[in-house]
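K.L.:
Structure in structure tokens, see below.
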Amino acid sequence: MMVVMQARLLAVTGFLVASIAGLAVSTYLYVWPGAAPAPHWLADPKMEPLVVPAYPLTIRSVEMRRGDTLAQALTRGGLPARAATALATQFGKNGADLRRIRAGATIEITSNARNEPIAVRYEASPWLSFAARPLDGGWRVGRAETVPELRVEVVKGVVQRSLFDAVERTGESARLVLALVEIFSSDFDFTADTRAGDRFRLLVEKRYAGEAFVDYGRILVAQYASGGKTLTGVGFEPKSSHFAHYDLAGQSLRKSFLKSPLEFTRITSGFTYARPHPILGGVRPHLAIDYGAPVGTPVRAVADGVVVHAGWNGGNGIQVHIRHRSGYETQYNHLSRVASDVRPGTRVRQKQIIGNVGATGLATGPHLDYRVAHNGTFVNPLSEKFIPGEPIPAAARADFNHQARELVTRLETAAPY
């Protein structure tokens, strides 16, 4: 029995020795430095500190309205009147034009929990912005300017319903329509002569802030094709004058008379010596052009001149009568009102708004009765050959011819019909 107990004791002792030895080997292989690589323990994840603002901020955006002053907009944004006036003054001292506030410009006012302004940002234009913060009872103002990127791009289209519609279908805005009409307004009556199928193409400067289109620059060259005739306007700036558009012969496209006193409308009655009168009856001369247009449509002076009459004139209703050079006179009848700065004896300039369309006097509906007299005799405004504008100076003619050829070739290549 004793022998059996000793044998069991030896076996247990041997098992323990073997276990300890195995553990030692494992420790040597996996733990002891310089032997097998130790296990790689992942570091504890780094926690970003949680930032809690010391106080909540309020950001209010204010959009400039037509007729706003900068101080008024700042007050509308929550600034006290005195602080708004002081800040507007500081913006002005740093280059903000306080007399020409762009409608749609934005002001961003950041306030703390006590509703105290701690930052004000004013974006005067896509190219110019101002930032201000309160300092020692006043304001510290900084300014940032962006240099616009100027690109010359081609625009072309075909009139189907209207010129406005045709330009908008190219992805451009109504502002480009007005610029295009401006070039040819002395040679083409867009109110009467625009037809489906007319074509236009032009090279125009566009200004970008980054990739965002902001506005148009100059139209370098434009063509308008209608009724088998193509009008061409080439932009050029003689050294002794300003940038203007000329035809290929070097004659100014800005004539002394516009083709129409309205920008866009339709002719409802033409110049004739025998027209049935809609009110008085019988057949009478109609020595005028009638333009149908809504009440309130602005009426432009077709040329520089002096006002002879401005007010009521019998069956003509409210009338403006203007005397021009070279024996010409114009009359604008049935107006709803006369512009406040138009009075007998005052000088008016071409394209100045002199009144608005109405239906006063012997009129069956809203329209403008437009008349032109030359040396005391009424003439047809649509066929009269008015005085041409100033041509390219002789000293600049070679430069103009070279530039005109380059621009027209570039336009025809980029936008073939």
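K.L.:
With respect to Ala113, is the statement that it is over 30 Å from Ser256 (Cα atoms) and in contact with a Gly (Cβ under 8 Å, 6 or more places away or on another chain) true? Write out each step before concluding.
P.N.:
Numbers: over 30 Å from Ser256 (Cα atoms): yes; in contact with a Gly (Cβ under 8 Å, 6 or more places away or on another chain): no.
Criteria not met by Ala113.
K.L.:
Restricting the first residue to the range 377-396 and requiring it to be closer than 22 Å to Gly233 by Cβ and touching a residue at least 40 places away in the same chain (Cβ under 8 Å), which pairs with a second residue that is acidic (Asp, Glu) and open to solvent by 40 Å² or more (accessible area, probe 1.4 Å) meet a Cβ separation below 9 Å and a spacing of at least six or different chains?
P.N.:
Cβ pairs passing all conditions: Leu382/Asp193; Ile392/Asp399.
K.L.:
Being small (Gly, Ala, Ser) and open to solvent by 50 Å² or more (accessible area, probe 1.4 Å) is the filter; apply it to the range 292-341 and report the residue that is modelled with the lowest pLDDT. Break it down into steps so the answer makes sense when it comes.
P.N.:
Step one: list which residues in the range 292-341 are small (Gly, Ala, Ser), which gives 292-293, 296, 301, 303, 305, 310-311, 314-315, 317, 326-327, 336, 339-340.
Filter once more, so that each one left must be open to solvent by 50 Å² or more (accessible area, probe 1.4 Å): 326, 340.
Numbers: Ser326: 87, Ser340: 94.
Top of the filtered list is Ser326.
K.L.:
Further question on the same structure: Say whether the condition of being open to solvent by 50 Å² or more (accessible area, probe 1.4 Å), among the polar types (S, T, N, Q), in a loop (DSSP other than H, G, I, E, B) and under 20 Å from Leu258 (Cα atoms) is met by at least one residue in the range 356-375.
P.N.:
Of the range 356-375, the ones open to solvent by 50 Å² or more (accessible area, probe 1.4 Å) are 362, 364, 366, 374-375.
Next cut, among the polar types (S, T, N, Q) only: 364, 375.
Still in the running and in a loop (DSSP other than H, G, I, E, B): 364, 375.
Filter once more, keeping what is under 20 Å from Leu258 (Cα atoms): 375.
Yes, the range 356-375 contains at least one residue that is open to solvent by 50 Å² or more (accessible area, probe 1.4 Å), among the polar types (S, T, N, Q), in a loop (DSSP other than H, G, I, E, B) and under 20 Å from Leu258 (Cα atoms).
K.L.:
So the check is Cβ under 6 Å with 6+ separation or different chains; which pairs have a first residue in the range 137-161 that's farther than 30 Å from Ala222 by Cβ and a second one that's part of a strand (DSSP E or B)?
P.N.:
Filtered contacts from the range 137-161: Trp139/Ala132; Arg140/Arg133; Val141/Phe130; Val141/Ala132; Gly142/Ala131; Arg143/Phe130; Ala144/Ser129; Glu145/Leu128.
K.L.:
If you take the residues of the range 325-353 that are assigned to a loop (DSSP other than H, G, I, E, B) and free of Cβ contacts under 8 Å to residues at least 40 places away in the same chain, which of them is farthest from Gly365 (Cα to Cα)? Quick ask: steps written out before the conclusion?
P.N.:
Start the filter on the range 325-353 by keeping residues that are assigned to a loop (DSSP other than H, G, I, E, B), which leaves 339-346, 349-352.
In the following step, the residues that additionally are free of Cβ contacts under 8 Å to residues at least 40 places away in the same chain were identified as 339-345.
Numbers: Ala339: 21, Ser340: 24, Asp341: 26, Val342: 24, Arg343: 26, Pro344: 27, Gly345: 30 Å.
Across the range 325-353, the extreme among qualifying residues is Gly345.
K.L.:
Follow-up question, since we're still on this one. So, Gln319, is that one within 19 Å of Leu258 (Cβ to Cβ), over 33 Å from the mean Cα position of the chain (by Cα) and not in a helix (DSSP H, G or I) or not? Don't jump to the end; show me each part of the working.
P.N.:
On the way: within 19 Å of Leu258 (Cβ to Cβ): yes; over 33 Å from the mean Cα position of the chain (by Cα): yes; not in a helix (DSSP H, G or I): yes.
Yes; evaluated as a whole, the condition is true for this residue.
K.L.:
Sticking with this one: Looking at (1) touching a residue at least 60 places away in the same chain (Cβ under 8 Å); (2) farther than 30 Å from Gly227 by Cβ, find the lone condition where Pro134 falls short.
P.N.:
(1)
K.L.:
Could I ask something else about it? Can you pull out every residue in the range 189-215 that is surrounded by 18 or more Cβ atoms within 10 Å (Cβ to Cβ) and assigned to a strand (DSSP E or B)? Steps first, answer last, please.
P.N.:
Quick first cut of the range 189-215, residues surrounded by 18 or more Cβ atoms within 10 Å (Cβ to Cβ) only: 189-191, 194, 198, 200-204, 206.
The answer is Phe200, Arg201, Leu202, Leu203, Val204, Lys206.
K.L.:
Here is a follow-up. Could you figure out which of (1) at pLDDT 90 or above; (2) surrounded by 20 or more Cβ atoms within 10 Å (Cβ to Cβ); (3) in a loop (DSSP other than H, G, I, E, B) isn't true of Leu248?
P.N.:
(2)
K.L.:
Can you report the number of residues in the range 228-245 which are over 15 Å from Phe184 (Cβ atoms) and either aromatic (Phe, Trp, Tyr) or open to solvent by 70 Å² or more (accessible area, probe 1.4 Å) (or both)? Spell out how you get there, then give the answer.
P.N.:
Step one: list which residues in the range 228-245 are over 15 Å from Phe184 (Cβ atoms), which gives 228, 236-243.
Restricting the remaining residues to those that are either aromatic (Phe, Trp, Tyr) or open to solvent by 70 Å² or more (accessible area, probe 1.4 Å) (or both) gives 228, 236-237, 239-240, 242-243.
Going through the range 228-245 one residue at a time, the tally reaches 7.
K.L.:
Being closer than 26 Å to Ser252 by Cβ, within 22 Å of the chain's Cα centre (by Cα) and open to solvent by 70 Å² or more (accessible area, probe 1.4 Å) narrows it down to one residue among Leu163, Leu150, Leu176, Leu180; which is it?
P.N.:
Details: Leu163 fails: open to solvent by 70 Å² or more (accessible area, probe 1.4 Å); Leu176 fails: open to solvent by 70 Å² or more (accessible area, probe 1.4 Å); Leu180 fails: open to solvent by 70 Å² or more (accessible area, probe 1.4 Å).
Answer to the selection: Leu150.
The values are calculated or read from the model by the stated rules, or taken from the named source; none is laboratory data. What you see is a predicted model, and the numbers here were worked out from it, not measured in a lab. A quick note on method: Cβ atoms are made from the backbone with ideal geometry, for glycine too, and the neighbour counts reach across all protein chains shown. Ligands, DNA and RNA are stripped out before the accessible areas are found, and what is left, the full protein with its side chains, is counted by its heavy atoms. Shrake-Rupley method; radii C 1.70, N 1.55, O 1.52, S 1.80 Å.
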